[in-house]
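Derivation of every value follows stated rules applied to the coordinates shown; laboratory data play no part. None of these values were measured; they are calculated from a predicted model. A quick note on method: Cβ atoms are made from the backbone with ideal geometry, for glycine too, and the neighbour counts reach across all protein chains shown.
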Amino acid sequence: MAQASRRKAGAHVVLRAEGGPVQGSVTVKVRKDYALLPDKDVKVETRFINLVEGGSVELSVVFQPDEPSGGALRGYFIELDGAVSWTMPVSYPPRLQVAAVPPPQGVLVVESAWWTVGGKVVTTARVGQTVTAHIRVRAIGGSVEELVRVRVRKDLALRPDEDYAVGTFTVKLASGQHAELTVTFVASEKSGLVFRGYFIEVNFLYSQRKWTMVDTYPPRLKVEG
């Protein structure tokens, strides 16, 4: 089974001369097989053949199915006219059914990430301030439905990093569309030797991917006393 509009298909016919030589033009037609309407040509090519008795030749035509099987359209078939007349048997197979093309599946990417305090973009905050972490994501290459977990994490020097604030979002976007996701928290301690600051990590749970903010300050957030 082929797919409509995305992939090209090849129609192939092997001719063999029996009972004598065969010479002349052969028109190869790829046609749509309609149930309630006249059949329709999709691709037509004419070839000249010159076969001795017992000789054979393969004729092929490349075409692109532009409509899936279903409703009035049963599928596609081959027909020959000219020096050779022949129509593909009315059954599936050998006639070709075509499936509808599923919509392209895109991917969600992080375009940018930043911090705000009181609506202003910052690279440092003070202990006790309310900070909002912002993530801008965009759908690339097709529509996307994704479960996104945004994690504000403590950047720790001598032990594993820790989650500090977490938000989970269901994101549905058409290709090229974007969305902004936010997580708000209170800066609780001053940056120092062990606690360096905060950073953002994004987990795409359906596609099992992860994005992590670059390990520099900025864009990671330092906290002053």
May I ask which residue of A17, T132, G118 lies farthest towards the positive end of the charge dipole of the chain, with charges of +1 (Lys, Arg) and -1 (Asp, Glu) on Cβ and the Cα centre as origin? G118
Between K172 and I140, what is the FRET efficiency for a Förster distance of 25 Å, r being their Cβ-Cβ separation, to the nearest 0.05? 0.95
Using 5 Å bins from zero, what percent of all Cα-Cα pairs in the stretch 121-176 falls into each bin? 4, 14, 18, 19, 16, 13, 10, 5, 1
Kindly provide the pair-distance distribution of the stretch 107-224 built from C-alpha pairs, with 5 Å bins from 0 and whole-percent values in order of increasing distance. 2, 12, 22, 23, 17, 12, 7, 3, 1
Which of K32, K43 comes first, and how do the rest follow, when ranked by fewest Cβ neighbours within 10 Å? K43, K32
Expressed as a whole-number percentage, the relative contact order of the stretch 2-99 with C-alpha contacts under 8 angstrom and at least six residues apart is 37
Treat every Asp and Glu Cβ in the stretch 107-224 as -1 and every Lys and Arg Cβ as +1, leave all other atoms uncharged, and give the resulting dipole magnitude about the Cα centre to the nearest 20 debye. 140
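Report, to two decimal places, the Cα Rg of the stretch 2-99 normalised by 2.2 N^0.38 Å (N = number of residues).
1.15
Report, for the stretch 107-224, the % of DSSP beta bridges that are antiparallel, rounded to 5.
If we restrict to bridges inside the stretch 107-224, about 95 percent are antiparallel.
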By how many nm would the segment from T87 to T124 lengthen if fully extended, with 0.36 nm per residue of separation less the alpha-carbon distance? 5.7 nm
Number of Lys pairs (Cα under 27 Å; 8 or more positions apart or on different chains) in the chain: 17
Counting other C-beta atoms within 10 Å, which of D41, D155 has the fewest, and how do the rest follow? D41, D155
Would you work out the relative contact order for the chain, in percent, from Cα pairs under 8 angstrom that are 6 or more residues apart? 17
Based only on other Cβ atoms within 10 Å, what is the fewest-to-most ordering of V14, V131? V14, V131
May I ask you to derive the relative contact order of the stretch 145-216, considering only C-alpha pairs under 8 Å and at least 6 residues apart, and to give it as an integer percent? 40
If you put +1 on each Lys and Arg Cβ and -1 on each Asp and Glu Cβ, how big is the dipole of the chain around its Cα centre, in Debye rounded to 20? 840
